[in-house]
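Below is one structure; the comments refer to it alone.
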Amino acid sequence: NCYSSGDVNYCLQFGYSGGITALNYGGNITDCCSTGNISGRGTIGGLAGANDYPGHNGGNINNCYSSGSVRIGEDYVGGLVGINNCFIKNCYSTATVVAGTVEYTGGLVGANCGQIDNCFSTGHVSGYDCWSFGGLVGYNMGGFIDNCYSTSNVDNGAFITAGLVGENGGDISNCYSTGSAWRGLVANNDYGTVSNSFWDTQTSNSTFSAGGMDK
């Protein structure tokens with residue numbers, strides 16, 4: 001039940017920045033929101049830089065949202081969380097995400113190694129000299145994404161760009177995307193699976209996806 005509206009500017013490399021916490025290491029964040037603008041280098045997110053402590057029951061983010069802007073970063077950048085190693089449920093981001101020289105960038109999460117359930121993103125995602133962009137998640141790194149959607153428009157300078165997930169190496173199920181992007185739902189399916197998921201060919205301006213069904 002916490003709220004943050006302050007701006008955060010962290011300029012050091014390899015650090016973490018977030019509106020509520022820089023690093024959620026095994027804790028629980030519930031019914032919280034951040035509306036401030038987050039900028040800096042390293043791993044940054046609108047709510048938390050990293051949601052960590054893999055392999056344990058900690059690292060839970062539930063019923064939270066972010067609505068400020070998230071800018072630059074160098075490793076992982078997300079509208080809500082930079083990198084997720086645990087659980088994010090019933091959350092959303094309307095944050096505008098603008099990335100610099102970054103590996104993975106997403107409207108909700110930059111990189112996902114954990115589980116994301118019942119979440120969505122609507123903010124504009126853009127950047128330059130980036131590897132993988134997604135309206136919801138930049139890179140699903142062996143994680144699970146279920147019952148999620150994105151309406152985020154995704155553009156500018158990324159090598160791998162898609163409406164929902166830029167690069168998928170995990171499981172995506174029951175998801176959809178409608179935002180404009182270079183590729184529909186998924187740009188690159190790296191040994192991942194996509195089931196019961198689709199993208200809108202008219203609003204996305206894309207007729208190709210590495211997974212999912214076109215609608």
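Derivation of every value follows stated rules applied to the coordinates shown; laboratory data play no part. None of the values given here were measured: they were computed from a predicted structure. Every residue, glycine among them, receives a Cβ derived from its backbone with ideal geometry; neighbour counts consider all protein chains shown.
Taking the Cβ-Cβ separation of CYS2 and ASP117 as r and a Förster radius of 30 Å, what is the calculated FRET efficiency to the nearest 0.05?
About 0.90, to the nearest 0.05.
Which distance in Å, rounded to a whole number, links the C-alpha centroids of segment 1-76 and segment 154-215?
25 Å
Quote to one decimal, in nm, the extra length available between ASP214 and ASP31 on full extension: 0.36 nm per residue of separation minus the C-alpha distance between them.
Here the answer is 62.4 nm.
Any chance you could get the radius of gyration and Dmax over the Cα atoms of the chain, in Å?
So, for the chain, Rg and Dmax equal 14.8, 44 Å respectively.
Using modelled amide H (1.01 Å from N, peptide plane; none on Pro or chain starts), what sits under 5 Å from the amide H of VAL70, excluding residues fewer than 5 places away?
Counting only residues 5 or more places away or on other chains, the set is ILE38, THR96, VAL97, VAL98.
Kindly provide the chymotrypsin sites (Phe, Trp or Tyr not before Pro) of segment 151-215 that DSSP labels as loop, not H, G, I, E or B, and whose Cβ sees at most 15 other Cβ atoms within 10 Å.
Answer in residue order: TYR191, PHE208.
Between GLN202 and PHE159, what is 0.36 nm times their sequence separation minus the Cα-Cα distance? Round to one decimal in nm.
Gain in length upon complete extension: 13.3 nm.
If you scale each eigenvalue of the Cα gyration tensor by 5 and take the root, what three semi-axes come out for segment 72-134, rounded to whole angstrom and sorted largest first?
Equivalent ellipsoid semi-axes, largest first: 19, 13, 7 Å.
Between THR193 and ASP129, what is 0.36 nm times their sequence separation minus the Cα-Cα distance? Round to one decimal in nm.
Value of the extension gain: 20.3 nm.
Given 25 °C and 0.890 mPa s, compute D for segment 63-169 with the Stokes-Einstein relation, Rh being the Kirkwood radius over Cα pairs; round to the nearest whole µm²/s.
D, rounded to a whole number, is 198 µm²/s.
For every helix of n ≥ 4 consecutive DSSP H residues, a contribution of -39,500 (n - 2.57) applies; sum these over the chain, divide by its total residues, and give [θ] at 222 nm rounded to the nearest 500 deg cm²/dmol.
Mean residue ellipticity at 222 nm (helix-derived): -500 deg cm²/dmol.
Karplus couplings for segment 22-32 from phi (6.51 cos²θ - 1.76 cosθ + 1.60, θ = phi - 60°), rounded to Hz, Gly and Pro as x?
Whole-Hz 3J(HN,Hα) from phi for segment 22-32: 6, 9, 9, 9, x, x, 10, 10, 9, 6, 10.
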